[in-house]
1. Out of the residues in segment 23-46 that are touching a residue at least 40 places away in the same chain (Cβ under 8 Å) and among the hydrophobic types (A, V, I, L, M, F, W, C), state the one that is nearest to residue 94 (Cα to Cα).
2. When residues of segment 81-96 are filtered for being hydrophobic (A, V, I, L, M, F, W, C) and surrounded by fewer than 20 Cβ atoms within 10 Å (Cβ to Cβ), how many remain?
3. What number of residues in segment 62-78 are surrounded by 18 or more Cβ atoms within 10 Å (Cβ to Cβ), under 14 Å from residue 38 (Cα atoms) and not aliphatic (A, V, I, L, M)?
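No lab work stands behind these numbers, since they all come straight from the coordinates. If you're wondering where the values come from, they're calculated on a predicted model, not measured in any experiment. So basically every Cβ, Gly included, is an ideal-geometry build from the backbone, and we count neighbours across all protein chains shown.
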Amino acid sequence: QLQFVESGGGLVQPGGSLRLSCEASTSDFKFYAAAWYRQPPGKQRDLVARITARGSPNYADSVKGRFTISRDNAERTMYLQMNSLKPEDTAVYYCNIFPSQPGVWGQGTQVSVSS
């Protein structure tokens, strides 16, 4: 079954950058559109960015121009490059296919933006 492991989170100052990684458990990853989601403290989980199986990206308005989603199907890995980070980007970041499937959620990786 396809599952994901997220990594790369941490504490960063406003204006800083982080690169998140999402490793898939099987090579079936290459057949799926995939996405990054995030859940801020006390709020619902929302879509951040998604990418088709062939690599076409789409972004939420709140991150457009600051975040870049990419994937390497040969490495079964998806990335999220996050630049110009803001305190409101603080959240647990998850990856999943798109549309998301309930049995695929991983543990997520915490991103905290604070001075």
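1. The extreme case among them is 36.
2. Going through segment 81-96 one residue at a time, the tally reaches 1.
3. Residues in segment 62-78 being surrounded by 18 or more Cβ atoms within 10 Å (Cβ to Cβ), under 14 Å from residue 38 (Cα atoms) and not aliphatic (A, V, I, L, M): 1 in total.
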